[in-house]
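Input: a single structure, listed below in structure tokens.
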Amino acid sequence: MGKAYSEEEKEEIKIRLRQVGLQLFREKGIKKVSVREVTSMVGIAQGGFYTFYESKEDFMLDLLNLRVEEKLLILEEQFSEALADPTGFVIGILYQSGMHLKENKAFNNIVSDSLRFFMDGREADKQKVLQRYRDFMLKLSKYLTVHGFQVEMDVDGLMNVVSAATILFSNADMLEEKYFEQIYRVFADSQVPLFFRVKQLS
């Protein structure tokens, strides 16, 4: 019979599981992260892992959601920067986030199948992540409107741009390295303005 944890212990262990998981996720990618290694580093029995997660897949989805949430909260604190060039701000988010994923082994298809894991996952799990991006864009739109801009936004169109970027990065190894950044820049520059139009009101 597994150890019974107090609520305080559960909270502390889950925080530690996430910290260790994110560290290993960044270093190794999804395939090479094992439950055994995570629990060993956290200092709990391997069976104790299943007190917190049903499977390794559920754990990885939690980490993906955590990364998205942390990233978007940071970007929300930068909304004032969007006032100078709202469309450029959104293009920059798509471009910089994408290039960060390419440099990060956790999302590099040559090293791991993390993006494919997400893309092939349950539709409800994918929609949960995309909904957080939708919420982010709606907050940005409201912020811009309050600050004197007229915003025309097709949120579903933008979410499809995010999905298309995910497909592009999950197959980055099919393109020559020296051309990838240029191709992705053109993609970001051309697609965002199709679904996000902003005009400053006089």
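The values are calculated or read from the model by the stated rules, or taken from the named source; none is laboratory data. From a predicted model like this one, the values you see are computed outputs, not experimental measurements. Glycine gets a Cβ as well: all are built from the backbone with ideal geometry, and neighbour counts include every protein chain shown. Each accessible area value is taken on the protein alone, full model and side chains, heavy atoms only, with ligands, DNA and RNA left out. Shrake-Rupley method; radii C 1.70, N 1.55, O 1.52, S 1.80 Å.
In this structure, does Val186 turn out to be of a type outside the set (Gly, Ala, Ser) and surrounded by 11 or more Cβ atoms within 10 Å (Cβ to Cβ)?
no
Conditions (1) open to solvent by 70 Å² or more (accessible area, probe 1.4 Å); (2) in contact with a helix residue (DSSP H, G or I) (Cβ under 9 Å, 6 or more places away or on another chain); (3) touching a residue at least 24 places away in the same chain (Cβ under 8 Å), marked per residue:
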| position | (1), (2), (3) |
| --- | --- |
| Leu130 | no, yes, yes |
| Ser141 | no, yes, no |
| His147 | yes, yes, yes |
| Gln150 | yes, yes, yes |
| Leu158 | no, yes, yes |
| Tyr179 | yes, no, no |
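Does segment 168-202 hold any residues that are farther than 14 Å from Thr87 by Cα and acidic (Asp, Glu), and which are they?
Result: Asp173, Glu176, Glu177, Glu181.
What do you reckon, is Val192 within 15 Å of Ser97 (Cα to Cα) and touching a residue at least 60 places away in the same chain (Cβ under 8 Å)?
When the stated conditions are applied, Val192 passes them.
Residues to consider are Glu9, Glu57, Glu27, Glu70; find the one that is open to solvent by 40 Å² or more (accessible area, probe 1.4 Å), out of contact with any helix residue (DSSP H, G or I) (no Cβ under 8 Å at 6 or more places or on another chain) and under 25 Å from Thr166 (Cα atoms).
Glu70
Answer yes or no: is there a residue in segment 154-167 that is part of a loop (DSSP other than H, G, I, E, B) and under 20 Å from Asp85 (Cβ atoms).
Yes; the residues of segment 154-167 include at least one that is part of a loop (DSSP other than H, G, I, E, B) and under 20 Å from Asp85 (Cβ atoms).
Considering only helices (runs of 4 or more DSSP H) fully contained in segment 29-110, which possess at least 2 residues that are among the β-branched types (Val, Ile, Thr) and at pLDDT 85 or above?
Correct list: 35-42, 86-103.
If the Cβ limit is 9 Å and pairs must be 6+ apart or interchain, which residue in segment 4-17 that is among the β-branched types (Val, Ile, Thr) pairs with which residue that is assigned to a helix (DSSP H, G or I) and surrounded by 11 or more Cβ atoms within 10 Å (Cβ to Cβ)?
So the pair list comes out as Ile13/Val42; Ile13/Gly48; Ile13/Thr51.
Here is a list: Phe25, Phe52, Phe59. Which entry is under 14 Å from Asp125 (Cβ atoms) and in contact (Cβ under 8 Å) with a residue 40 or more places away in the chain?
Just a single option satisfies the conditions, and that option is Phe59.
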